[in-house]
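The values are calculated or read from the model by the stated rules, or taken from the named source; none is laboratory data. Only a predicted model underlies this, so the values are computations on that prediction, with no experimental measurement involved. Every residue, glycine among them, receives a Cβ derived from its backbone with ideal geometry; neighbour counts consider all protein chains shown. Each accessible area value is taken on the protein alone, full model and side chains, heavy atoms only, with ligands, DNA and RNA left out. Shrake-Rupley method; radii C 1.70, N 1.55, O 1.52, S 1.80 Å.
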Amino acid sequence: MGSNAITDRVAIVGMGCTRFGERWDMGFDDLLIEAAQGAFSSAGIGKDDVDAYWLGTVQSGMSGLALSRPLRLDNKPVTRVENYCATGSEALRQAAYGVASGAYDVAVAIGGEKVKDSGYQGLNAFPIPGDGTARSLTAAAMFSMIVPAYAARHGVDEDELRTALARIASKNHANGARNPRAQFRREMTVERLCAMPAVAGRLSVLDCAGVADGAAAAVVVRAEDAHRYTDNPLFIKALSFVSGDGRGLMDPDYDYTTFPEVAAAAREAYRQAGIADPRTELALAEVHDCFTPAELVLLEDLGLAERGTAHQRVMDGAFDLDGELPVNPDGGLKSFGHPVGATGLRMVFEAWLQLRGEAPAERRIATYGKRSLALTHNLGGYPGEMVSFVGVFGTG
Amino acid sequence: MRGILGWGAYVPFGRLDRRQIAPALSGTRSVAGYDEDATTMGVAAARLALRQTPAEPAALWFATADPPYLDRTNATAVHAALRLGRTCAAYDAVGSVRSAVGTLRTALTSAGPTLVVASDLRTGRPGGPDEAAGGDGAAALLIGSDSDGPVLAEQVATASVTAEFLDRWRIPGEPASRLWEERFGETVYTDLGREALKSALEEAELAPGDVGALVVSGLHARAAKTVAATSGVPAEAVVDRLDGRVGNPGAAQPALLLAAALEQAAPGQVIVLVSLADGADAFVWRTTPALRDHPQPVPLLQQLDYGRPVPYLTFLAWRGMLDPEPPRRPEPARASASAALRNHDWKFGFVGSADEGGTVSLPPSPLDTSAVAMADRTGTVVTYTVDRLAYSPSPPVVFAVVDFDGGGRLPVELTDVDIDELAIGGRVEMSFRRLHTADGVHNYFWKARPVREKGV
């Protein structure tokens, strides 16, 4: 038992990604159409050339009709998938397996979310009828609980940790400022970020990813067919997904300084991709920085920093654009906001641009030309109870 | 002989300094939290009443003039939170303050252990006398006989007189009562109180000088004071009405003040309770030697030493007198009736589960083999946060991950807590609360609150 890798059997040959943000000008249909057309033209195909579609969205539409209707797809198999904040990645995973199985020659994974129409701030989950005992904390507050726990576990002064979290936000803002698709394009100094008032624990609103509308899409084909569509396809090296058992919420051994689901997903992804040392083999990592403490812990769970050292490595600039391993070079959720169904595919879009040398010079990663692998990562849920996706993509 | 097998009194953690209402006022009144109502306070008092007695109530009476629900019974939520048996009857006596002593009389003439719970929140119009004089609180008395457990104070005599006259009235739905001219009520109540007291003492074959503690309760404060002052009972035996620290908690006042008297009583002491409400009721008790072996776990008088100031505007908002800007987050949906019934033991009784290895699941897991009662367990804070974004009737939400003594972990909301009290390693206990109300459905569940030395 276990997973069987589809390493190098599937290639991405076209991608599209909308601008993320407060897209008052566009509905969900408009966003999907723009992302899909971007991917089609990138791959040099039309919608009828696609054999099957997977749509990732959490609460913007239901069933395959949410895509087949706006795109006017003619009797195509269209599946809507949902897996919390890993929804976009889940769509890609299903499309890739559809192609790898031989069932389809050309598949499209598309993800999108229209969340700004709710009239509320933050993400709001669809209410599921229950007994009224489920906690109703915001995600920001759940992730903020990492801060005192991490400080206590690793003997770090909370103010020092506060500065490291601001440094993470500052890095991602700086990257996003160079990215025309990002929602927030203003640089933020560490000092300014530290001075912001707290909204959840010690987190300020700028420790949180924004809420945004957006969509992204990928065209996938069998690896041997890839060069019929593009000279420089992106090959899928690993797709790993873990759905936790929620034990962290009940297990006294869980201490809120790690996400075991992420560590497990990463181990599996590195096994599939044959990666021994991610810190020296990856050219970039797009990680799920929904909140700054999430990125801090992810750096350790993904093996990009030793346990208890991520805050120091962040301060040293190890994950900056010109650092030893750029993390979130496109600006991350921090700058893009988080249209839940789109985020995973938006991350792959950055890998697509960076590894193919198409990222503009002002935000090109220092590792470009030296390494050829990118990692994307999503988590969904909360510390102690989450789903986690890790994907590895490469040009070679 | 029937009598009192156990008692419990509960005063909420909030205190309103009356000088915030008007500089000329003095003292404090108790204030129920935004997450408290007559039902939750009644649960708190009843838990204390049941804590040290082996008796299992056969009936539960719940009295309040401020019922969270009409039509449906409020006592059933109290029954569920206390995890009383299915065959224990549970009834409300709601609306009038007098109902509280009515349930006590009923319990004294019933068979089997009967739990009497009285709980009230008193509100008046902003700036009015009832707002300042009122208080919030609850008290519970477990009534039974020697065969149910040791009787702590036996019933010696009871007397009632009933009178129809207009002193205080409130149309259903109105937030505050109206009062007739004060001297009229004082005159009528003073006569009624004296008459009931005299009848009860005669039946008991006791003289006023034999009374070791006299409690006179009633919303008409001047009448209550006059009855006590003219009763012939020595002034030092008159029990403090706690007006300066608690205020008048309406239907809860008779049992609450009786609890205060019991806390300080010695065995063999005569305690008399006179309640002035639409007539007068008098109860004569004599404490027994068993009282000596019944230390109150969380005495009322110690609860009064704790408490947190509640700003006047916050008090007004909690009572619905102010309509502040709500958080810009969707309001919670109403709890599902069928889900609540399925998960009844968890939602109301705070019962988790354990697998064969003893690992505790909160909420309980259908895969587990045994139920684990968690409501009386204390716990330790693992990590915590203050959520200024989440929807709450009174933001911010204070929240912690709690590891319970003996196993089990729950991320849970905290209540009755100051933000600067939060720390990893902090000790907490559980309290039954009303999380919110949606569509008129009160959503009851448990929260954690800091354990304070001898605090409630």
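So here's what we get for this one:
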item: Average beta carbon contacts from partner chains per residue of A:246-252, 10 Å cutoff; result: 6
item: Built amide H within the under 5 Å cut-off of B:Ser217, gap 5+; result: B:Val274, B:Ser275, B:Leu276
item: Cα pair distances in the range B:230-324, grouped into 10 Å bins until the bin that holds the longest one, percent each; result: 12, 37, 30, 15, 6, 0
item: Cα extents of the range B:24-131 along the three principal axes, largest first (Å); result: 50, 25, 24
item: Cβ neighbours within 10 Å from other chains - mean over B:330-338; result: 4
item: Share antiparallel - DSSP beta bridges, the protein assembly as shown, percent rounded to 5; result: 75
item: Added length on full extension, which subtracts the Cα-Cα distance from 0.36 nm per residue, B:Arg427 to B:Glu174; result: 87.0 nm
item: Accessible area expressed per residue, the range B:393-445, with surrounding protein chains retained (probe 1.4 Å, Å²); result: 33
item: From the C-alpha gyration tensor of chain A, square roots of 5λ in Å; result: 31, 23, 20
item: Dimensions in Å of the protein assembly as shown - Rg and Dmax from alpha carbons; result: 32.9, 110
item: From the C-alpha gyration tensor of the range A:181-319, square roots of 5λ in Å; result: 30, 22, 16
item: Solvent-accessible area of B:Asp323 with every protein chain in place, 1.4 Å probe, in Å² to the nearest 10; result: 150
item: Binned Cα-Cα distances of the range B:64-109, short to long, each 5 Å bin given as a whole percent; result: 5, 21, 25, 26, 20, 4
item: A:Arg356-B:Leu322 pseudo-label distance in nm [points 7 Å out on the Cα-to-Cβ vector]; result: 5.9
item: Top positive-direction residue, dipole computed over chain B with Cβ charges, set B:Thr287, B:Thr190, B:Val351; result: B:Val351
item: Whole-Å semi-axes of the range B:358-456's equivalent ellipsoid (Cα gyration tensor); result: 22, 19, 13
item: Computed Rg/Rh of the range A:126-262, alpha carbon atoms with Kirkwood Rh; result: 1.06
item: Percent of beta bridges antiparallel (DSSP, the range B:1-110, rounded to nearest 5); result: 40
item: The protein assembly as shown: calculated mean residue ellipticity at 222 nm from DSSP helix runs of at least 4, using -39500 (n - 2.57); result: -8000 deg cm²/dmol
item: Most to least accessible of B:His436, A:His173 (protein chains only, probe 1.4 Å); result: B:His436, A:His173
item: FRET efficiency for B:Thr109 and A:Gln121, using Cβ-Cβ distance with R0 set to 41 Å, rounded to 0.05; result: 0.10
item: Kirkwood Rh and Cα Rg combined as Rg/Rh, the range A:1-78; result: 1.02
item: Relative compactness, the range B:110-193, computed as alpha-carbon Rg over 2.2 N^0.38 Å; result: 1.50
item: Average partner coverage of B:389-396, which counts Cβ from other chains inside 10 Å; result: 4
item: Farthest toward positive dipole pole in the range B:213-329 [+1 Lys/Arg, -1 Asp/Glu at C-beta], among B:Ala317, B:Leu256, B:Ala277; result: B:Ala317
item: Probe 1.4 Å - accessible area at B:Trp180, Å² to nearest ten; result: 130
item: Spatial separation of Cα centroids for the range B:88-140 and the range B:320-387, in angstrom; result: 28
item: For the range B:423-440, 3J(HN,Hα) per residue [Karplus equation, 6.51 cos²θ - 1.76 cosθ + 1.60, θ = phi - 60°, Hz, x = Gly/Pro]; result: 7, 4, x, x, 9, 9, 9, 9, 9, 7, 9, 9, 6, 5, 10, 9, 6, x
item: Diffusion constant of the range B:181-262 at 20 °C, which comes from Stokes-Einstein with the Kirkwood Cα-pair radius and 1.002 mPa s, µm²/s; result: 163
item: Taking only Cα atoms of the range A:284-396, radius of gyration then Dmax in Å; result: 13.3, 40
item: Full-stretch length increase - B:Arg19, B:Ser370 - with 0.36 nm per residue and alpha-carbon distance subtracted; result: 121.1 nm
item: Share of alpha-carbon pairs per 10 Å distance bin for chain B, given as whole %; result: 4, 21, 32, 26, 13, 4, 0
item: Protein-only accessible surface order, largest first, of B:Glu154, B:Glu186 at 1.4 Å; result: B:Glu154, B:Glu186
item: Quarter of Cα convex hull surface for the range A:30-175, i.e. mean projection, nm²; result: 13.2
item: Rounded Å value of the spacing that divides the Cα centres of the range B:142-215 and the range A:309-374; result: 77
item: Sequence-distant lysines (8 or more away, or on other chains) whose Cα lies within less than 19 Å of A:Lys116; result: A:Lys334
item: Taking chain B and dividing mean pair separation by its residue count, relative contact order in percent (alpha carbons under 8 Å, at least six apart); result: 17
item: Using alpha-carbon coordinates, inclination of helix A:292-301 to the longest axis of chain A, degrees; result: 80
item: Positive dipole terminus of chain B, leading residue within B:Val97, B:Pro393, B:Gly124 (C-beta point charges); result: B:Pro393
item: Simple spin-label estimate for B:Glu182 and B:Asp355 in nanometres, 7 Å along Cα-Cβ; result: 6.6
item: Tilt relative to chain B, helix B:38-51 - C-alpha long axis, 0 to 90 degrees, to 10; result: 80
item: Cβ-derived FRET efficiency at R0 30 Å, B:Ser394 paired with B:Ser336, nearest 0.05; result: 0.80
item: Dipole magnitude (debye, nearest 20) for chain A, charges at Cβ of Lys, Arg, Asp, Glu; result: 520
item: Crossing angle, helix A:28-43 versus chain A [Cα axis fit, 0-90 degrees, rounded to tens]; result: 70
item: Rg over Rh, two decimals, the range A:201-263 (C-alpha only, Kirkwood Rh); result: 1.16
item: Of all DSSP beta bridges in chain A, antiparallel share, percent nearest 5; result: 70
item: Compactness of the range B:172-331, expressed as Rg and Dmax over alpha-carbon positions, Å; result: 19.1, 66
item: With every protein chain in place, the protein assembly as shown: carbon and sulfur % of accessible area (1.4 Å); result: 50
item: Residue order for B:Val451, A:Val58, A:Val287 - accessible surface, 1.4 angstrom probe, largest first; result: B:Val451, A:Val58, A:Val287
item: B:Tyr69 - accessible surface, heavy atoms, 1.4 Å probe, Å² rounded to 10; result: 40
item: The range B:410-456 shape via C-alpha gyration tensor axes, a/c threshold 1.5; result: prolate
item: Length added when fully stretched, B:Ala163-B:Arg292, from 0.36 nm per residue minus Cα-Cα; result: 42.6 nm
